[in-house]
Structure formats: structure tokens, C-alpha cells
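J.: Sharing a structure, written as C-alpha cells. Questions coming.
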Amino acid sequence: MPKKKFYVVWKGRKTGVFTSWNACKRQIDGFEGAQYKSFANLDEAEIASSKKYEDYKGKNTKKPTLTDAQKAKYGSPIIESIAVDAACSGNPGKMEYRGVLTHNKKEIFRKGPFKKGTNNVGEFLALVHGIALLKSKNKEDIPIYSDSKIAMSWIRQKKCKTNIYFDASNKDLLELIRRAEKWLKENTFKNPILKWETKAWGEIPADFGRK
């Protein structure tokens, strides 16, 4: 049974501590510039709600869920690699994605924001962007990390299987998805696409720090 989380909303329709994701989501979904984060227990959430969002932005507020012995089973991430991630305010909502060097978190590409996107779409586009970038530099031995199993499966299928409704407001996003799918169908790549093990290693280096 998944552990209960608590959510602090600093900027949204209503602010404060919320005891479920659905309650939190109602406050931030579609809200411009929403600021929120999840916490492992109520005490930490209440303390955080009395402070500033900037005090917690980008920091890991989740308690370790694995013992050292369990973490050891995952080994360590490959340092010479890149990591990708996406952030989305709402579902759908304003979405952006980026890629960084795993060892020092140096940003190597960033796109967005796009209107009416989703996190999974952003993760998919980030992976394709990373794959194409490495191929153009003849670095097809460099692994790419993602924490999205869904996006990784879409890469294997060479298809972004989103249910987003597209209209004039997000047609640029649809065009980018089509270009990414076309690239996957017309190109081959050798870069290993690896799952970032968040439980063992913490947040992925490309994380936007908005959870």
C-alpha cells in the first residue's frame, strides 16, 4: 500500500496543506505559476507551509524508502550520461522539458513552455531531443536516463500515445510531437535508454524541483 503524502500549495486557488493529491490538484490545475510540493508527513508539510516556496524548490522532501542494502542492489547511475525530465503545471497544462549532464546538472537543452501539454509528453519529447542531439554529435554510446516508464515505452513504440485534445492553442506542441515521431521512424540509435531509480538515487538530475 503506497505511503500517504501531504501537499503544500503556496500559490494556487487555495493555499495551505492538503491531504490528498486530488485536493491539491484542484488548487493548481490550470493555475498560472502554481507553487506546490509533496511531503512525507504532516509535520513537515505544516512547517513548510509557514515558510517560502523558494526554501523547498528543487530539494528532495521525500524520506528514503530503501535501506542501504536495498539501495546497493541498484548500484550507481552511470556518470557519463545525460538525464531528461519534464515539468507540467496542470494536466494538461503549461509544460516544458530539458536535458542535463548527469554528473554536474549542466543544462544542455531546454524547450517550452508549451500550452496544454502533459508530463509524459514532455518526457517523450525530451528523450527524442536527447537521442537526436547525441546522434548528431556521434555519441551513440552515451546513455540517457528518464524516470518515466511511459515515455520510455513510447520511444520503443516510436509513437506518442497521448490523449491530449489539440486545438489552435497547442498546435505547436502537436507539430513537435509529429516531428519527433517522424525522426524515430526515419532514424536508428544505439544510446541505452535507462530508468532513473529515484528510490535509490534521489530525484533525477534534470528535475525541475516543482513536485
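J.: With angles folded into 0 to 90 degrees, how steeply does helix 171-186 sit against the dominant principal axis of the chain? Use alpha carbons for both and round to 10.
T.: With both axes taken from Cα atoms, the answer is about 50 degrees.
J.: For a quick check: with amide H placed at 1.01 Å from N, whose amide H comes under 5 Å from Asp147's, ignoring anything fewer than 5 positions away on the same chain?
T.: The list, which skips near neighbours in sequence, is Trp196.
J.: Under a crude label model (7 Å from the Cα following the beta-carbon direction), how far is Lys73 from Lys139 in nanometres?
T.: For Lys73 paired with Lys139, the spin-label model returns 3.3 nm.
J.: Let me ask another. Which whole-percent values make up P(r) of the chain when all C-alpha to C-alpha distances are grouped in 10 Å steps starting at zero?
T.: All Cα pairs considered, the percentages come to 8, 31, 35, 21, 5, 0.
J.: Could you tell me the extents of region 1-117's C-alpha atoms along the three principal axes, largest first, rounded to whole Å?
T.: 43, 36, 27
J.: Still on this structure: Residue by residue through region 86-101, what is 3J(HN,Hα) from phi via Karplus (6.51 cos²θ - 1.76 cosθ + 1.60, θ = phi - 60°)? Round to whole Hz and write x for glycine and proline.
T.: My calculation for region 86-101 gives 9, 9, 9, 9, x, 9, x, x, 5, 10, 9, 9, 7, x, 9, 6 Hz in order.
J.: Would you please classify the overall shape of region 46-167 from the alpha carbon gyration tensor, given that a ≥ b ≥ c denote the square roots of the eigenvalues, rounded means a/c under 1.5, and beyond that prolate means a/b larger than b/c while oblate covers the rest? Could the numbers behind the result be given before it?
T.: Details: a/c = 1.65, a/b = 1.09, b/c = 1.52.
Cα axes put region 46-167 in the oblate bin.
J.: What's the percent breakdown of Cα-Cα distances in region 148-202 across 10 Å bins, shortest bin first?
T.: 19, 42, 28, 10, 0
J.: In whole Å, what is the distance between the alpha-carbon centres of region 96-161 and region 1-61?
T.: 27 Å
J.: For the chain, what is the accessible area per residue in Å², given a 1.4 Å probe and the full set of protein chains?
T.: That works out to 57 Å² for each residue.
J.: If you build the convex hull over the alpha carbons only and average its shadow over all orientations, what do you get for region 103-196? Give it in nm² to one decimal. Intermediate values should be presented prior to the final figure.
T.: On the way: hull surface 24.6 nm².
Orientation-averaged projected area of the Cα hull: 6.2 nm².
J.: As an exercise, identify the trypsin sites (Lys or Arg not before Pro) in region 5-84 lying in DSSP coil whose Cβ has no more than 14 other Cβ atoms within 10 Å.
T.: Arg13, Lys14, Lys51, Lys52, Lys57, Lys59, Lys73
J.: Got the relative contact order for region 70-187 handy, in percent, Cα pairs under 8 Å and 6 or more residues apart?
T.: It comes to 25 percent, rounded to a whole number.
The values are calculated or read from the model by the stated rules, or taken from the named source; none is laboratory data. Just so it is clear, the structure is predicted and the values come from calculations on it, not from any experiment. All Cβ positions, glycine included, derive from the backbone under ideal geometry; neighbour counts span all protein chains shown. To get the accessible areas, we keep the full protein, side chains included, count just its heavy atoms, and leave off ligands, DNA and RNA. Shrake-Rupley method; radii C 1.70, N 1.55, O 1.52, S 1.80 Å.
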